[in-house]
1. Can you tell me which residue among N308, N268, N276 is loosely packed, with under 15 Cβ neighbours inside 10 Å and modelled with pLDDT of 95 or more?
2. Do you know which of the residues in the range 177-192 that are in a strand (DSSP E or B) and at pLDDT below 85 is nearest to S224 (Cα to Cα)?
3. Would you say I42 is β-branched (V, I, T) and touching a Ser or Thr at 6+ places or on another chain (Cβ under 9 Å)?
4. Within the range 61-77, is even one residue surrounded by 13 or more Cβ atoms within 10 Å (Cβ to Cβ), touching a residue at least 40 places away in the same chain (Cβ under 8 Å) and under 24 Å from S234 (Cα atoms)?
5. Filter the range 215-252 for residues that are farther than 27 Å from E275 by Cβ and in a helix (DSSP H, G or I); which is modelled with the lowest pLDDT?
6. Could we say that M192 is farther than 18 Å from C109 by Cβ, in contact (Cβ under 8 Å) with a residue 40 or more places away in the chain and not aromatic (F, W, Y) here?
7. Inspect the range 138-160 for any residue being closer than 13 Å to L185 by Cα, at pLDDT below 95, surrounded by 15 or more Cβ atoms within 10 Å (Cβ to Cβ) and of a type outside the set (D, E) and give the result as yes or no.
8. Does the range 72-87 contain any residue that is in contact with a helix residue (DSSP H, G or I) (Cβ under 6 Å, 6 or more places away or on another chain) and under 22 Å from N262 (Cα atoms)?
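The values are calculated or read from the model by the stated rules, or taken from the named source; none is laboratory data. Small disclaimer: the values here were computed from a predicted structure and weren't measured. Cβ sites come from the backbone with ideal geometry, for glycine too, and all protein chains shown count toward neighbours.
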Amino acid sequence: MPDFSCEILGLHLQSPFILKSAKFSDKMEENLLPFIGALMLIPFPQEIIEEESSRIEFLMDKTDLLPYLTDKFLVDQYLKQVIELKQKYKLPVIAGIDCYDSGNFILFCQLLDKIKTDVLLLNIFMFPDDKDFRSADYDKIYLELAAKAAYSIEMPVIINLYLQFTNMFYMVDQLFYRGIQGFLLSDNIIGMDIDIENFEQKILLVSEKSSFDYNQIKWIAYLSSFFHKADFISYICGTEFTASTCIKHLLAGAKGLTISMNDLSKLNQILTEIENWMKINGFHALEHFVGQLNFQKFIRPWQAERENYLQFFHLDYQISDHKGQSDNC
């Protein structure tokens with residue numbers, strides 16, 4: 001069998017597949033555990049942290065949290081699940097915070113650090129709805145929140161990276177400089193559809209559309225080629241969870257592949273198909289092909305984007321035949 005192990009944020013994972021869920025079932029198939037690299041809990045919302053702030057302050061004074069955790073508080077339930085997952089499955093656990101401002105979420109991050117969570121997953125929700133507020137000011141707040149979390153704990157941090165930033169390269173560079181070592185290309189992009197029969201709005205995740213997957217592959221290919229020391233993780237779910245999709249993301253430069261509980265039943269078959277593909281192409285380990293098809297050959301991403309743009313939208317013109325004509329005019 002090929003070597004599916006990989007290194008993410010200094011952790012040695014037996015597989016690139018990261019299983020994400022709000023609550024993990026007690027009936028997870030034991031035979032699939034060797035093919036799961038880590039477990040990821042959905043980040044805990046700041047709204048509940050604000051409501052149970054006194055409870056968090058109480059727990060901060062305790063050296064050993066487990067004897068004090070009860071089912072009465074949602075904060076306790078989340079922390080208890082992290083501890084139990086680590087003890088039961090012996091896999092790295094990624095857990096975190098879904099925040100929107102600088103409130104007292106830092107104490108919760110420190111509690112996760114205290115119980116030896118392996119990686120903090122940071123999601124910063126920001127919706128720029130103030131027309132008088134400059135874009136640069138929103139970026140500044142975002143970066144300050146990320147730095148505040150990263151500097152307050154010892155464990156490594158992964159951040160949900162939204163694809164709508166004006167300058168993705170700048171944001172990744174600044175986040176990495178502030179201690180963010182991993183980037184999960186976010187699936188939490190909310191879109192809207194309209195039901196023209198019932199005159200109703202319909203809310204949907206953009207990741208349910210195939211266009212998100214192609215955009216995600218492109219940005220992983222760009223970012224992984226420019227930021228060699230950072231780790232980029234893809235989110236694959238539903239109908240997009242196929243062996244072909246996994247291979248594409250790995251070739252683009254993804255170090256990890258996040259899947260949902262609903263996809264777990266497909267994992268064995270997908271691993272078999274990936275193994276066959278690796279044998280056909282002479283690969284014995286993931287490290288032999290991860291990132292092989294990112295954008296390293298381009299000096300600047302602008303060059304790649306412009307060439308692709310011309311290829312699709314200027315098919316009637318032979319652009320290459322006109323290079324340098326302006327010099328002769």
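1. On the way: N308 fails: modelled with pLDDT of 95 or more; N268 fails: modelled with pLDDT of 95 or more.
That would be N276, the only listed residue that is loosely packed, with under 15 Cβ neighbours inside 10 Å and modelled with pLDDT of 95 or more.
2. Just the residues of the range 177-192 that are in a strand (DSSP E or B), to begin with: 182-185, 190-192.
With the extra rule that they be at pLDDT below 85, the set shrinks to 190-192.
Working: I190: 25, G191: 27, M192: 30 Å.
So the residue we want is I190.
3. Details: β-branched (V, I, T): yes; touching a Ser or Thr at 6+ places or on another chain (Cβ under 9 Å): yes.
So I42 fits the description; yes.
4. No.
5. Filtering the range 215-252 for residues that are farther than 27 Å from E275 by Cβ and in a helix (DSSP H, G or I), the one modelled with the lowest pLDDT comes out as N215.
6. no
7. First, the residues of the range 138-160 that are closer than 13 Å to L185 by Cα: 158-160.
Next, from what is left, pick out any that are at pLDDT below 95: 160.
Then drop every residue that is not surrounded by 15 or more Cβ atoms within 10 Å (Cβ to Cβ), which leaves 160.
Subsequent filtering for residues that are of a type outside the set (D, E) retains 160.
Yes, the conditions are met somewhere in the range 138-160.
8. Checking the range 72-87: not a single residue is in contact with a helix residue (DSSP H, G or I) (Cβ under 6 Å, 6 or more places away or on another chain) and under 22 Å from N262 (Cα atoms).
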